[in-house]
1. Taking Glu100 as meeting all but one of (1) in a strand (DSSP E or B); (2) farther than 21 Å from Leu138 by Cβ, write down the number of the exception.
2. Looking at region 24-54 only, could you name the residues that are of a type outside the set (A, V, I, L, M, F, W, C), out of contact with any helix residue (DSSP H, G or I) (no Cβ under 8 Å at 6 or more places or on another chain) and either at positive phi or in contact (Cβ under 8 Å) with a residue 12 or more places away in the chain (or both)?
3. Would you confirm whether any residue within region 62-69 is at negative phi and either buried (at least 17 other Cβ atoms within 10 Å of the Cβ) or hydroxyl-bearing (Ser, Thr, Tyr) (or both)?
4. Given (1) under 18 Å from Gly122 (Cα atoms); (2) in a strand (DSSP E or B), where does Tyr61 come up short, assuming only one miss?
5. Here are some residues: Glu114, Glu150, Glu143. Which one is part of a helix (DSSP H, G or I), in contact with a Lys or Arg (Cβ under 7 Å, 6 or more places away or on another chain) and not aliphatic (A, V, I, L, M)?
6. Would you mind finding the one in Gly66, Gly56, Gly77, Gly37 that is at pLDDT 95 or above and under 24 Å from Ser168 (Cβ atoms)?
7. Look at Ile87 and say whether it is under 30 Å from Trp22 (Cβ atoms), β-branched (Val, Ile, Thr), part of a helix (DSSP H, G or I) and at pLDDT 85 or above.
8. Need pairs with beta-carbon distance below 7 Å; first residue under 11 Å from Asp24 (Cα atoms) and within region 114-131, second in a helix (DSSP H, G or I) and small (Gly, Ala, Ser); sequence gap 6+ or separate chains.
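The values are calculated or read from the model by the stated rules, or taken from the named source; none is laboratory data. As the structure is a prediction and not an experimental result, all values here were calculated from the model. Ideal geometry is used to build each Cβ from the backbone, glycine not excepted, and the neighbour counts take in all protein chains shown.
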Amino acid sequence: MTNLQSFQQAIYKFYPLSPAEWEDFSSKLVLKNYKKGDFLVREGQVENFIYFLHKGATRNYFIRDGKEFTVDFHFEGEMVTAYYSLITREPSTTFIELLEDADVVAIPFRFLQEFYGKYHHGERIGRLVAEYQYVRRLKKEMELLSLTAEERYVALLQRNPALVQQISVKHLSSFLGIQPESLSRIRKLHARN
C-alpha cells in the first residue's frame, strides 16, 4: 500500500471525502522521507505541518534544566504534530524526533486552513481529528495518574511491541515517569512471560 493510500484509509475512518474532495486534498499533500535522528520540528520553531506516519516512529520531548522529558511516542499509522504550536502559531516547546527511518505524508497548515474553508467535510474531519487527539491525551493523563508503571508499559507495548522493545531505557523511563532501574526490572519481567 502506498503512503497516500494508507493516509486516505486513515482519513476515511473519520469521514469519507467525495472523489473530487479527495483529489483536491491529496494534490496538496507532501510526501517526505526522514532518517533516524532527524526532527519533524524542534523547540523554538513554529509547526507548519501535520504528519501521517506511513512508516516510522517518533518521540516527542522537551528539555528543562538540561534534562529531557519524553511526553509521547507515535507509531506507524498515526498522525503527529506539535499541535499547540500548529494552532497558536507560536514557537514549539517540544521536539519531535524520528526513532527510525520514516516515510510521512505532510499536510501543510496553510493548505489545511484553505481546505476547511472550501469544504464542509474538511472541517468535519479536522474537528474529528482534534477530538481524537484530545481523547488520546486525556487517556494518557488518566493512565499516568491511575495505572502503575508496569500497566502503563504494557499499554505502550500493545501499541507497537517490536518498536517499544527497541526504545532506549532512558526515553521509556522518562515517558513512564519512573527510574531506569525500575523499567529494566519491568522489561525483564515481561521478557520472561
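1. Unmet condition: (1).
2. Here is the first cut: in region 24-54, the residues of a type outside the set (A, V, I, L, M, F, W, C) are 24, 26-28, 32-38, 42-45, 47-48, 51, 54.
Filter once more, keeping what is out of contact with any helix residue (DSSP H, G or I) (no Cβ under 8 Å at 6 or more places or on another chain): 27, 32-38, 42-44, 51.
Scanning region 24-54 gives Lys32, Asn33, Tyr34, Lys35, Lys36, Gly37, Asp38, Arg42, Glu43, Gly44, Tyr51.
3. Pass one, region 62-69, residues at negative phi: 62-64, 67-69.
Imposing the further condition that a residue be either buried (at least 17 other Cβ atoms within 10 Å of the Cβ) or hydroxyl-bearing (Ser, Thr, Tyr) (or both) reduces the set to none.
No.
4. (1)
5. Values: Glu114 fails: in contact with a Lys or Arg (Cβ under 7 Å, 6 or more places away or on another chain); Glu150 fails: in contact with a Lys or Arg (Cβ under 7 Å, 6 or more places away or on another chain).
Only one candidate qualifies: Glu143.
6. Working: Gly66 fails: at pLDDT 95 or above; Gly56 fails: at pLDDT 95 or above; Gly77 fails: at pLDDT 95 or above.
Step by step, each of Gly66, Gly56, Gly77, Gly37 is checked, and only Gly37 is at pLDDT 95 or above and under 24 Å from Ser168 (Cβ atoms).
7. yes
8. Here the result reads Phe115/Gly122, each pair linking region 114-131 to a residue that is in a helix (DSSP H, G or I) and small (Gly, Ala, Ser).
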